[in-house]
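The values are calculated or read from the model by the stated rules, or taken from the named source; none is laboratory data. All of these numbers come straight from a predicted model, not from anything done at the bench. Methodologically, a virtual Cβ is constructed for each residue, glycine included, from the backbone with ideal geometry; neighbour enumeration extends over all protein chains shown.
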Ligand code: NAP
């Protein structure tokens, strides 16, 4: 360690594997921001399912080992590089990406991936914005190109991305249907923009959705678990309808004929395929949502940094409260 270097607590991954490879270290060097970089003192950070896939070594993204996981932090600017003009020490911010990792006391990020966090949202809520809201916006606006008056089914509405999708869809004038797996989840989905909610653990819930939407079907389905639901989704769509696959954890058999008769489409999205301009567009719309008040992240389970392995187990097992999972620093 060079003289004058500051140390922090951070999670480090030295080998790909199960949750046990997430190691808490207390002697990680705090990075120094250069040029267009900022250093954020992290107060909370979001836990996203993708971080478990990356940790396991099965994802397309394979960071160089060792690494610190995570992208979505909320906190306060600690220091800025010489070229940064948009932020100063003490500003409250949230991020959509980091350079040094998010599961840490300090995170280094490029200034164009950091946004002001308004005073009406706390740090836990700030940590729930990054991946969930930017993914929801990409699915609805950039991919499905939704229009006011259309109907949308948020299939898996009670998690981080699902609740964000409900809030955005309602703000943009859509008729919003959502699903959740528990009574508590259903209640929260209704409180966050859905007009109607269904329980995806009930045997006959698809029939109930069909009955509710009638012959016309649903214009857009934002799908969180395509390997379970894609075949049913195709049957629920309207003529020319679209399924946007946000999440899928395996294969599924479908009958392609369903796409022919209704001339419907299935497309997938990847948040990190968004261009810098698309991130800026999403950020502008979401910032307006925060100012007006329709964007209100719902925080679910909260864990201290040392319980991160438990958080990774719980987010994949799915048996936890609705809302966004966060780590507290
Ligand atoms: P999350 O917070 O863990 O939420 C998972 C959601 O899936 C919950 O609403 C859960 O509902 C629901 N679910 C469980 N069983 C279901 C079923 N049979 N049918 C429909 N939904 C079901 O995860 P998240 O952060 O919202 O992410 C959701 C998915 O999107 C994950 O697979 C994630 O990897 C993916 N994702 C993809 C991108 C991308 O760029 N493509 C970006 C972000 C996330 P209950 O708990 O109420 O049962």
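Structure values in brief
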{"read-out": "Residue among 218, 222, 252, 206 that alone is within 12 Å of the ligand (Cβ to nearest atom) and either farther than 22 Å from residue 268 by Cβ or touching a strand residue (DSSP E or B) at 6+ places or on another chain (Cβ under 7 Å) (or both)", "value": "222"}
{"read-out": "Residue match in segment 128-145 (condition: assigned to a helix (DSSP H, G or I), farther than 26 Å from residue 275 by Cα and in contact with a strand residue (DSSP E or B) (Cβ under 8 Å, 6 or more places away or on another chain))", "value": "no"}
{"read-out": "Matching residues in segment 255-271 - criterion: being near the ligand (Cβ under 9 Å from one of its atoms), out of contact with any strand residue (DSSP E or B) (no Cβ under 9 Å at 6 or more places or on another chain) and without any contact (Cβ under 8 Å) to a residue 60 or more places away in the chain", "value": "270"}
{"read-out": "Qualifying residue in segment 277-284 (condition: assigned to a helix (DSSP H, G or I), at pLDDT 95 or above and more than 25 Å from residue 48 (Cα to Cα))", "value": "no"}
{"read-out": "Residues that are more than 24 Å from residue 169 (Cα to Cα) and more than 15 Å from the ligand (Cβ to nearest atom), drawn from segment 275-307", "value": "304, 305, 306, 307"}
{"read-out": "Single residue of 246, 197 found to be over 15 Å from residue 268 (Cα atoms) and within 15 Å of the ligand (Cβ to nearest atom)", "value": "197"}
{"read-out": "Subset of segment 194-214 (residues that are free of Cβ contacts under 8 Å to residues at least 40 places away in the same chain and part of a loop (DSSP other than H, G, I, E, B))", "value": "195, 201, 202, 203, 204, 214"}
{"read-out": "Subset of segment 130-161 [more than 20 Å from residue 74 (Cβ to Cβ) and within 9 Å of the ligand (Cβ to nearest atom)]", "value": "138, 139, 154, 155, 156, 157, 158"}
{"read-out": "In segment 255-276, residue modelled with the lowest pLDDT [restricted to those that are surrounded by 16 or more Cβ atoms within 10 Å (Cβ to Cβ) and part of a loop (DSSP other than H, G, I, E, B)]", "value": "262"}
{"read-out": "Selection status of residue 96, surrounded by 20 or more Cβ atoms within 10 Å (Cβ to Cβ) and within 20 Å of residue 276 (Cα to Cα)", "value": "yes"}
{"read-out": "Scan of segment 156-184 for residues that are over 19 Å from residue 207 (Cα atoms) and in contact with a strand residue (DSSP E or B) (Cβ under 7 Å, 6 or more places away or on another chain), ordered by number", "value": "158, 160, 162, 165, 166, 169, 170, 174"}
{"read-out": "Looking only at segment 17-59, and only at residues there that are surrounded by 16 or more Cβ atoms within 10 Å (Cβ to Cβ) and free of Cβ contacts under 8 Å to residues at least 60 places away in the same chain, the one that is nearest to residue 224 (Cα to Cα)", "value": "54"}
{"read-out": "Breaking point among (1) near the ligand (Cβ under 10 Å from one of its atoms); (2) modelled with pLDDT under 95; (3) out of contact with any helix residue (DSSP H, G or I) (no Cβ under 7 Å at 6 or more places or on another chain), for residue 320", "value": "(3)"}
{"read-out": "Every residue from segment 168-187 that is over 25 Å from residue 282 (Cβ atoms) and assigned to a helix (DSSP H, G or I)", "value": "183, 184, 185, 186, 187"}
